[in-house]
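One structure is given below, encoded as structure tokens.
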Amino acid sequence: MTTYEGKVFTEEQEALVVKSWSVMKKNAAELGLKFFLKIFEIAPSAQKMFSFLRDSNVPLDQNPKLKPHAMSVFVMTCESAAQLRKAGKVTVRESSLKKLGAVHFKHGVVDEHFEVTKFALLETIKEAVPEMYSAEMKNAWGEAYDRLVAAIKMEMKACSEAS
């Protein structure tokens, strides 16, 4: 069992995450975009953190760089959650935690940004799989997300100590 600050990521939580991710995976591009549009709806100022959005006059949902970025972040987050218990720790494919920490540190990401992102993620999942969404599923995804954020924050702290 994976423990994190005294909490255990249970088999039941893993099953809920894996089951919902297997349904969402086929719509990852569309869901990733919805996820980011929710973030920007809640916190419009977050757009300034993305260089490809800063000087763009194109509507967000039509920005050619947002959809691929949103999809890769959504997939990375969901894949990390789905394998959390099996791996026994947060693992990230494509980009390393060090790189994620460095990028988030460089752009000045703070706790509030992670909270907005968590809310947007949970809302996106709720809309994507309404027939299977429950309080237990929300808690499972929330716990997995919190662990990913804790791992990113550790790397951000390492960056701040190095600078």
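The values are calculated or read from the model by the stated rules, or taken from the named source; none is laboratory data. Owing to the predicted nature of the structure, the values given are computational and were not obtained by experimental measurement. We place every Cβ from the backbone using ideal geometry, glycine too, and count neighbours over all the protein chains shown. Protein only, heavy atoms only, side chains kept; ligands, DNA and RNA dropped before computing areas. Shrake-Rupley method; radii C 1.70, N 1.55, O 1.52, S 1.80 Å.
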Check: Separation between the GLU127 and LYS26 pseudo-spin-labels, each 7 Å from Cα along Cα→Cβ, expressed in nm?
Finding: 2.0 nm
Next item on the list: Taking only protein heavy atoms into account and a 1.4 Å probe, give the accessible area per residue of region 64-145 in Å².
Entry: 53 Å²
Next item on the list: Would you mind checking the pairs LYS34/LYS106; LYS48/LYS118; LYS19/LYS48 and listing those with alpha carbons more than 28 angstrom apart?
Entry: LYS19/LYS48
Notebook entry, point to check: Which one of ILE42, VAL17, PHE74 is farthest out on the positive end of the charge dipole of the chain, using unit charges on Cβ (Lys, Arg +1; Asp, Glu -1) and the Cα centre as origin?
Noted result: PHE74
Notebook entry, point to check: Which GluC sites (Glu not before Pro) does region 36-127 hold that lie in a coil by DSSP with at most 16 other beta carbons within 10 Å?
Noted result: GLU94
Check: Which of the aspartates and glutamates could a cross-linker span from LYS67 if the Cα-Cα distance has to be under 14 Å and same-chain partners fewer than 8 positions apart are dropped?
Finding: GLU30
Note to self: Please report the carbon-and-sulfur percent of the accessible area for region 99-163; probe 1.4 Å, protein heavy atoms only, DNA, RNA and ligands left out.
What the structure shows: 58 percent
Check: With the contact rule set at Cα under 8 Å and sequence spacing of 6 or more, what percent relative contact order holds for the chain?
Finding: 33 percent
Margin query: What aspartates and glutamates does LYS157 reach when the alpha-carbon gap must be under 17 Å and sequence neighbours fewer than 8 apart in one chain are set aside?
Written below: ASP111, GLU112, ASP146
Check: Taking only the alpha carbons of region 14-163, what extent do you get along each of the three principal axes, in Å, biggest first?
Finding: 39, 38, 25
Notebook entry, point to check: Taking the Cα centre of the chain as the origin, how large is its charge dipole in debye, to the nearest 20, when only Lys and Arg (+1) and Asp and Glu (-1) carry charge on their Cβ atoms?
Noted result: 500 debye
Notebook entry, point to check: When all protein chains stay in place, what accessible area (Å², nearest 10, 1.4 Å probe) is found for PHE40?
Noted result: 10 Å²
Item checked: Helical mean residue ellipticity (222 nm; -39500 (n - 2.57) per DSSP H run of 4+; nearest 500) of the chain -> -22500 deg cm²/dmol
Margin query: What whole-number distance in Å separates the alpha-carbon centres of region 53-72 and region 128-157?
Written below: 24 Å
Next item on the list: Give, as a single signed number, the net charge of other residues whose beta carbon lies under 13 Å from the beta carbon of HIS107, with Lys and Arg counted +1 and Asp and Glu -1.
Entry: +4
Checklist line | Which of LYS48, LYS138 is most accessible, then next, and so on - probe 1.4 Å | finding: LYS48, LYS138
Check: What is the calculated FRET efficiency for HIS107 to ASP61, with r their C-beta to C-beta distance and R₀ = 22 Å, to the nearest 0.05?
Finding: 0.50
